[in-house]
Amino acid sequence: MNTENFTGYTGLTAGEVNQRIAEGKINGDQNIKTKSVAQIFRTNLFTFFNFLFVIFAVILVFFLDFGEDGNLGADDFANFGFLIVIFVNLFIGVIQELQAKRTIDKLSLLSAPKVTVLRDGGECDIALKDIVLDDLVILSAGRQICADAELVEGSVEVNESLITGEPDAVPKTKGEELLSGSFVVSGNALAKVIRVGKDNYATKISAGAKYIKPSNSEILRSLSRFIKFMAIIILPLGLALFGVKYFGQGNQLDETVRTVIGTLIGMIPSGLMLLTSAVFCVSVVRLARYKTYAQDLYCTESLARIDVLCLDKTGTITEGNMEVLSDNTKMEQAEFLQILKNLITSVGDNNPTANAIKEYTANLEATAKADAIVPFSSQRKWSAAVFGTTGYALGAAETVLKKIGVRTAAFIKEESEKGNRVLVLASFQGTLQNNKLPAARKLLGAVVLSDKIRKEAPDTLRFFAEQGVDIKIISGDNAVTVKSIAARAGLENAQSYVDATTLTTDEALEDAVARYKVFGRVTPDQKLKIVKALKARGRTVGMTGDGVNDVLALREADCSVAMAGGSDAAKNVSQLVLLNNNFASMPKVVAEGRRSINNLERSAALFLVKTGYNFLFALIFMLLSADLPFEPKHLTLIGTVTIGIPSYILAMEPNRDIITGKFFNKVIKNALPASITVAAAVVAISLSSKLFPQTITPAQISTMCTIVTSLLGLCYIAKISYPFNFVRIGLIVILASIFVLTFFADFEFFDFTTFFGLTTDFNVDVLKILIPVAVLSVPLFMLLYLVMKKLDKYDLLDKLLVKLRIS
């Protein structure tokens, strides 16, 4: 827009702008902030388990054999292999979070709103955060009103549906107030900002929603509880184990310290939180390909778990535009459409109704130019044009026609009950005096319009229905209209609708939530109550919206999704923002969430298998007069082959299985049989070795335990990799090869066997123990999983985890 339309206005000077900034009269930054690089580095480095690892490393230094020359052997250095986990975790964690940060920041810039203001006599585009009090804002069709303002010149029609839910345009003239969160439908104007920041209407109405919504990830919550549980028990258990072994059983001090630390290190699922963050960081980057901006790392999990999805009609199912469904006329249709084309072209209206008719007559060329026009206004409810001696008017029947006939009234009533809008076209003779129609008008026909359904909406609704997700349409529009649109979009049982103005009590609203699919005339407060009522029934609720009137409900929902074209308040409280305003992205987000959750369930169990059997070692070997089986160096090899490498590869695979059950409960059920099998096999080796005290050494015992533990670890990887594919088979073969090469690869510069504290001295007595234990462990492994499957129906483990406050 050219500033010459508003002569006499220059706007604020640079000095006046700076003065207001100094006084704090500035809108301020409303965008969600990502972590800084320093914060990312700190949160990945300074963790409880990293702290424990450093403490263990310091203790180990004092209890290793430095030899006569004062130097450590290669196998002693291997005892510090667990420190590598800190650096690997730090490197991967920082890289993944930085990549996610770059993606989020880039998308945030793309979605940041701009506003045109008049300053120092010229136009300039500034960020929403840079608006100051008394700024003169230039408004035109399609512009969003980003701060409360008073109209000082010109006139506009504004759509306040993002605030009120009402779709009808509201005319505004000089001296009237414009509310932030609304947008201009037609007209040009200059407005003076009268409120900024927290004083804005849009900000006040969303005051019940906090700036950054806290994560409600079940995975994050479960893992945090588990880590707290481990933090409570690990040190007391370690001290008790050390006391029994050293003071009670009289074991050597150096050996006791190394094996106790090895057991405690094995109990720590050190890479599990990192793996979880890495998987969801990758999800954030992948979602960016679908033009979806994730403001929460765990939001894909939240959407993948929902069982009820509340959709706002405008902007979600509909485009926010109108479309012509049909025309009805007794004259030749071609002639009727040509009159429509000439009228709508001459008037030049730029509103949803006019644009729908333009699209409907797009294949025609205008054949006449009007001598006089009257543009549409919401007050008149009609537009008109005169061509020579004949004029035509288009608008609502009650304003265009002097008398509405019985058939016309019946037709309008029938279409209105379907949720459609009817405009009539009438002709008249003469001119337009004072923007008023002549008394004699003749009906030529009618045009039926309705909200335009998004092309992707039916497929998306069908997808969620097939996935068992209950869809509820919640709108501030007329209930009959919403019902009709929902039916056209393919919503099942769309006839089950209610007018929310009839739900005058909380009890009535809660009852309606269970009975109806479509809600019309819903207030912002009722939207919030609907979400709360669904959650009170144990449902996991997803919510989409784009208006300020949706903010409180979005904030309350388990997963909230906003459209980029919607209000800034809605975007700020939502976990996901669809940058292309495309509802079809939702199934892709769900698929990404399923991949993350299902793969994490498999990979997390790998970590907890190790935690489980080391926890059992700590308990069992307090009762057994036998040495603990592992030093840290043994667990470094076992962890690399059976946890580190496979967990990351399996976690990144495609997976679209429907999510069932609680995450942590399923992980424990998957891990427990393998942990028990490893513990049983290691105890069997330790006890059997006492039969051959002269021929079996501690190094041979540790080697046998390492072999059997790794074998069972590979068996578990095979179990979770079923059904097999090329990648999974290749992974198992490579992992098995790495383990075998540890014993047989002969390098002059490096001996892996010695480095990991193992031996290749397998005498007959060793084989007498190793082979039977290894062979019997596999069927025991399979049997325990069958037993777990049978016991699962009694929910015994679930009840135990609840009592321990882990689940």
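What share of Cα pairs, in percent, lie more than 15 angstrom apart in segment 392-459? Counting every Cα pair in segment 392-459, those more than 15 Å apart make up 57 percent.
For segment 719-780, the fraction of 1.4 Å probe accessible surface lying on carbon and sulfur atoms is 74 percent.
Close amide H partners of residue 292, meaning residues 5 or more places away or on another chain with modelled amide H under 5 Å apart, are 579.
Peptide packing for 642-654, 581-593 was compared via the average number of neighbouring C-beta atoms within 10 Å per residue; ordered from the highest value, the list is 581-593, 642-654.
Annotation: extensible slack from residue 414 through residue 51 equals 123.4 nm (criterion: 0.36 nm per residue apart, minus Cα-Cα distance).
Computing FRET efficiency as 1/(1 + (r/R0)^6) for residue 662 and residue 177, where r is the C-beta to C-beta distance and R0 is 51 Å, gives about 0.50. A Förster radius of 22 Å, combined with the Cβ-Cβ distance separating residue 99 from residue 225, puts the computed FRET efficiency at roughly 0.20.
Ordered by 1.4 Å accessible area with all protein chains kept, 371, 327 run largest first as 371, 327. Taking 17 Å as the cut-off, the amide N atoms of segment 397-412 that come nearer than this to a point 7 Å along the Cα-to-beta-carbon line of residue 440 belong to 401-403.
Rolling a 1.4 Å probe over the protein heavy atoms of segment 436-484, with every protein chain left in place, gives an accessible area that is 49 percent carbon and sulfur. Amide H contacts of residue 452 (H built 1.01 Å from N, in plane; Pro and chain starts excluded): 319, 320, 321, 322, 323 sit under 5 Å, all sequence-distant by 5 or more or on other chains.
Cross-link pairs exceeding 18 Å in C-alpha to C-alpha distance, out of 402/436; 472/535; 245/768; 172/381, comprise 245/768. Among beta bridges identified by DSSP and lying wholly in the chain, the antiparallel ones come to about 75 percent.
Restricting the calculation to Cα atoms, segment 284-383 yields a radius of gyration followed by a Dmax of 21.4, 61 Å.
Angle of helix 457-466 to the longest C-alpha principal axis of the chain, folded into 0 to 90 degrees and rounded to 10: 40°.
Within the accessible area of segment 612-667, the carbon and sulfur atoms contribute 66%, probe 1.4 Å, all protein chains present.
If the chain linking residue 37 and residue 84 were pulled fully straight, counting 0.36 nm for each residue of separation and taking away their Cα-Cα distance, it would gain 14.7 nm.
For segment 408-417, putting each phi into the Karplus relation 6.51 cos²θ - 1.76 cosθ + 1.60 with θ = phi - 60° gives couplings of 4, 4, 5, 5, 5, 5, 4, 5, 5, 5 Hz, in residue order, rounded to whole numbers and with x for Gly and Pro. With viscosity set to 0.692 mPa s and temperature to 37 °C, compute the Stokes-Einstein D of segment 372-489, Rh being the Kirkwood radius across alpha carbon pairs; µm²/s, no decimals. Answer, rounded: 198 µm²/s. Each peptide in 415-423, 226-234, 600-608 gets a packing score, the mean of other Cβ atoms within 10 Å over its residues, and the list from highest to lowest is 600-608, 415-423, 226-234. Inter-label distance, residue 495 to residue 741: 6.9 nm, where each label sits 7 Å from its Cα along the C-beta direction.
Over what distance in Å are the Cα centres of segment 685-745 and segment 495-565 separated? What the calculation gives is 55 Å, centre to centre.
Probing with 1.4 Å while keeping every protein chain in the model, the per residue accessible area of the chain equals 44 Å². Relative contact order of the chain: 14 percent, from C-alpha pairs under 8 Å at least 6 residues apart in sequence. Summary value for segment 415-568: 16 percent relative contact order, contacts being C-alpha pairs under 8 angstrom separated by 6+ residues. The peptide list 731-738, 318-325, 406-413, 524-531, put in order of mean Cβ contacts within 10 Å with the highest first, becomes 524-531, 318-325, 731-738, 406-413.
Label positions at residue 690 and residue 199, each projected 7 Å from the Cα along the C-beta direction, are separated by 8.2 nm. Above 17 Å, the calculated P(r) of segment 664-706 contains 43 percent of its Cα-Cα pairs. Take the Cβ atoms of residue 9 and residue 362, set R0 to 30 Å, and the FRET efficiency comes out at 0.20.
Per-residue SASA remark: residue 312, around 10 Å² accessible (1.4 Å probe; ligands, DNA and RNA not included).
Extents of segment 567-688, taken as max minus min of Cα coordinates on every principal axis and listed largest first, are 69, 25, 23 Å.
Sequentially through segment 388-402, phi angles give Karplus couplings (6.51, -1.76, 1.60; θ = phi - 60°) of x, 9, 10, x, 9, 10, 10, x, 5, 4, 5, 9, 8, 9, 6 Hz, Gly and Pro residues having no value and appearing as x.
Extension gain for the segment residue 535 to residue 23, taken as residue separation times 0.36 nm less the Cα-Cα distance, is 179.9 nm to one decimal. In terms of its alpha-carbon gyration tensor, the chain comes out prolate; a/c meets the 1.5 threshold, and the first ratio a/b outweighs b/c. Only lysines eight or more places from residue 101 in sequence, or on another chain, were considered; those with a Cα closer than 18 Å are 33, 35, 213, 291, 571.
Only helices enter this figure: runs of n ≥ 4 DSSP H residues, each worth -39500 (n - 2.57), summed and divided by the residues of the chain, yield -15500 deg cm²/dmol at 222 nm to the nearest 500.
The values are calculated or read from the model by the stated rules, or taken from the named source; none is laboratory data. In this text, all values refer to a predicted model and were calculated from it rather than measured experimentally. A quick note on method: Cβ atoms are made from the backbone with ideal geometry, for glycine too, and the neighbour counts reach across all protein chains shown. Quick note on the areas: whole protein, heavy atoms, side chains included, nothing else; ligands and nucleic acids left out. Shrake-Rupley method; radii C 1.70, N 1.55, O 1.52, S 1.80 Å.
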